[in-house]
Amino acid sequence: MKIDSIKNGIVIDHISAGNSMRLYYLLHLDTLECPVALIQNAASNKSGKKDIIKIDGEWELNLDVLGYVDSAVTVNIIKDGKIVEKITPSMPQTLENVLFCKNPRCITGVEQELPHIFKLTDPKKRIYRCLYCESKA
Amino acid sequence: MKHLIDIKDFSTQELDALIRVAKDIMKHPENYAHKCAGKKLATLFFEPSTRTRLSFEAAMYELGGHVLGFSEADSSSAAKGESVADTARIVSCYADIIAMRHPKEGAPLVAAMNCPIPVINAGDGGHNHPTQTLTDLLSISVEKGRLDNMTIGLCGDLKFGRTVHSLIAAMSEYSGIKFVLISPEELKLPGYVKDILKSKNIPFEQTASLEESMPKLDILYMTRVQRERFFNEEDYLRLKNSYILTPQKLHNAKEDLCILHPLPRVNEISTAVDSDPRACYFKQALYGKYIRMALILKLLEVE
């Protein structure tokens, strides 16, 4: 894979430096079979340094995860070597099975089949709380 | 259809309406004696809580309804590993409304999300206990004749006390409320609850002295200082007696002070205070039955 030339795929750009590994796992990119490139500390005119993730293959991206982790991110959808769509993910109101409640007293700790749902309770401070026990993410 | 999982599920207008109905029930219980005839309340208590369960059961009986359920997890299908969602679904085939207590936080919400009948949270671990807050609101309203323009002292364990946090959230909706937060340093109100007060510009002061605060209080809400909350025994021994209410500490209190406590009391209110006309905590338990009657009527949409 040439990192700078994707034909059909996704480029997640302007990731705040240091956030790419977190995104990599939250998006489950480790389970993909197509080439995935993760670039850390690339030069950025806006912020000095940024991370970039390039996925060389068509794949349904969970924009909620991106909006949750990093509001600076932009997503470029590449088709036939050209950017056909640019997306700026916003902070999602709810996250399902992205975060997992760590409160040992939460019902999700004993009932394994329950979806782990977090709700945005303070957009300014970017605080999400467990739907069931209200513990902070 | 509505559930009561968190006190925030009800608007101030809905809370006021519930209080009005509860007061009417107190005045004219005979008018309500058959309102729930043919209806069944399921009390699903996955952990024991005698007072809350009996209060719900008495409430339903006084409305002419019936009660079924269990009072500990061992005697329920949970002991066989059934999920809360499945238990709620099954119970909804046999009852019209559920009151659930569960040691795990969020369990009543799971029940509400999975069954077609109203669910009342009767306490989920250390998380929410909205019918205690309803009880507190009715107690204040009856004893003081209002829910606005008063100074409320909250004393004891303000850090872990869920009843305190819910009461602050509910009372913050009324005008002219001031809070005096009386606790040892180790058990101060958490920052996120103070943030609610700050965001609504509600005046509050923090102090460690119950005696100094006493003259300004209209309500004194006592809670228990629990030994297990302290990191070391010395601190507990040093502080535990500071927050025991005695007749001596009431000498400079207002004559119309109203003393409340969610109960059970251990030693934080001396029994010598019980005969003081300002002691309202046993009446508070009675008010709990009336507000639960009003709640059952509302959730069952009985006119």
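Looking only at residues in the stretch B:46-88 that are modelled with pLDDT under 85 and either of a type in the set (Val, Ile, Thr) or open to solvent by 60 Å² or more (accessible area, probe 1.4 Å) (or both), the one that is nearest to B:Ile120 (Cα to Cα) is B:Glu72. Counting the residues of the stretch B:108-123 that are touching a Lys or Arg at 6+ places or on another chain (Cβ under 7 Å) and buried (at least 20 other Cβ atoms within 10 Å of the Cβ) gives 4. Within the stretch B:176-187, the set of residues being surrounded by fewer than 23 Cβ atoms within 10 Å (Cβ to Cβ) and in a loop (DSSP other than H, G, I, E, B) comprises B:Gly176, B:Pro184. Out of B:Asn252, B:Asn241, B:Asn232, B:Asn267, one residue alone is at pLDDT 90 or above and assigned by TED's automatic domain parsing to the domain that holds B:Tyr174. It is B:Asn252. For the stretch A:31-43, does any single residue satisfy the condition of being assigned to a helix (DSSP H, G or I) and either open to solvent by less than 50 Å² (accessible area, probe 1.4 Å) or more than 15 Å from A:Ala72 (Cα to Cα) (or both)? So far as the stretch A:31-43 goes, yes, one or more of its residues are assigned to a helix (DSSP H, G or I) and either open to solvent by less than 50 Å² (accessible area, probe 1.4 Å) or more than 15 Å from A:Ala72 (Cα to Cα) (or both). The set of residues in the stretch B:102-129 that are modelled with pLDDT of 95 or more, within 13 Å of chain A (Cβ to nearest Cβ) and within 19 Å of B:Met293 (Cβ to Cβ) contains only B:Asn121. Listed conditions (1) within 14 Å of chain A (Cβ to nearest Cβ); (2) on the phi > 0 side of the Ramachandran plot are all met by B:Gly145, apart from (1). When A:Ile52, A:Ile83, A:Ile127, A:Ile78 are screened for being within 14 Å of another protein chain (Cβ to nearest Cβ) and not charged (D, E, K, R), only A:Ile127 passes. Just to be sure I understand, how many residues within the stretch A:76-102 are touching a helix residue (DSSP H, G or I) at 6+ places or on another chain (Cβ under 7 Å) and surrounded by 19 or more Cβ atoms within 10 Å (Cβ to Cβ)? Summing the residues that are touching a helix residue (DSSP H, G or I) at 6+ places or on another chain (Cβ under 7 Å) and surrounded by 19 or more Cβ atoms within 10 Å (Cβ to Cβ) in the stretch A:76-102 gives 5. Any residue that is over 20 Å from A:Leu131 (Cβ atoms) and among the charged types (D, E, K, R) - is there at least one of those in the stretch B:85-101? Yes: the stretch B:85-101 contains one or more residues that are over 20 Å from A:Leu131 (Cβ atoms) and among the charged types (D, E, K, R). Looking only at the stretch A:65-75, which residues are surrounded by 18 or more Cβ atoms within 10 Å (Cβ to Cβ) and either more than 14 Å from A:Arg22 (Cβ to Cβ) or more than 15 Å from the chain's Cα centre (by Cα) (or both)? Within the stretch A:65-75, just A:Val75 meets the criteria.
Selection of first residues in the stretch B:40-59 that are in the same structural domain as B:Glu82 (by TED's automatic domain parsing) and of second residues that are among the β-branched types (Val, Ile, Thr) and assigned to a helix (DSSP H, G or I), restricted to Cβ pairs under 7 Å at least 6 apart or on distinct chains, gives the following pairs, ordered by first then second residue: B:Leu41/B:Ile296; B:Ala42/B:Val91; B:Leu44/B:Thr87; B:Leu44/B:Val91; B:Ala59/B:Ile296. Checking B:Glu143, B:Glu173, B:Glu211 one by one, the residue that is at pLDDT below 95, open to solvent by 20 Å² or more (accessible area, probe 1.4 Å) and under 28 Å from B:Ser270 (Cβ atoms) is B:Glu211 and no other. One residue alone among B:Asp218, B:Asp256, B:Asp276 is within 21 Å of the chain's Cα centre (by Cα) and either surrounded by fewer than 17 Cβ atoms within 10 Å (Cβ to Cβ) or under 24 Å from B:Lys159 (Cβ atoms) (or both), and that residue is B:Asp218. Note on the stretch A:106-124: among residues that are acidic (Asp, Glu) and more than 21 Å from A:His28 (Cα to Cα), the one that is farthest from the other protein chains (Cβ to nearest Cβ) is A:Asp122. Taken over the stretch A:122-137, the criterion of being surrounded by fewer than 15 Cβ atoms within 10 Å (Cβ to Cβ) and over 21 Å from A:Arg22 (Cβ atoms) is satisfied by A:Lys124 alone. Within the bounds of the stretch B:196-205, is there any residue that is in a loop (DSSP other than H, G, I, E, B), on the phi > 0 side of the Ramachandran plot and over 19 Å from the mean Cα position of the chain (by Cα)? Scanning the stretch B:196-205, I find at least one residue that is in a loop (DSSP other than H, G, I, E, B), on the phi > 0 side of the Ramachandran plot and over 19 Å from the mean Cα position of the chain (by Cα), so the answer is yes.
Each residue in the stretch B:100-123 was checked for being under 25 Å from A:Lys136 (Cβ atoms) and within 12 Å of the chain's Cα centre (by Cα), and 2 of them qualify. Taken over the stretch A:86-105, residues that are at pLDDT 95 or above and within 11 Å of chain B (Cβ to nearest Cβ) amount to 1.
The values are calculated or read from the model by the stated rules, or taken from the named source; none is laboratory data. Computed from a predicted model, the values in this text were never measured in an experiment. Here the Cβ is made from the backbone with ideal geometry for all residues, glycine too, and neighbour counts use every protein chain on show. Ligands, DNA and RNA are excluded from the accessible area calculation, which covers all protein heavy atoms including side chains. Shrake-Rupley method; radii C 1.70, N 1.55, O 1.52, S 1.80 Å.
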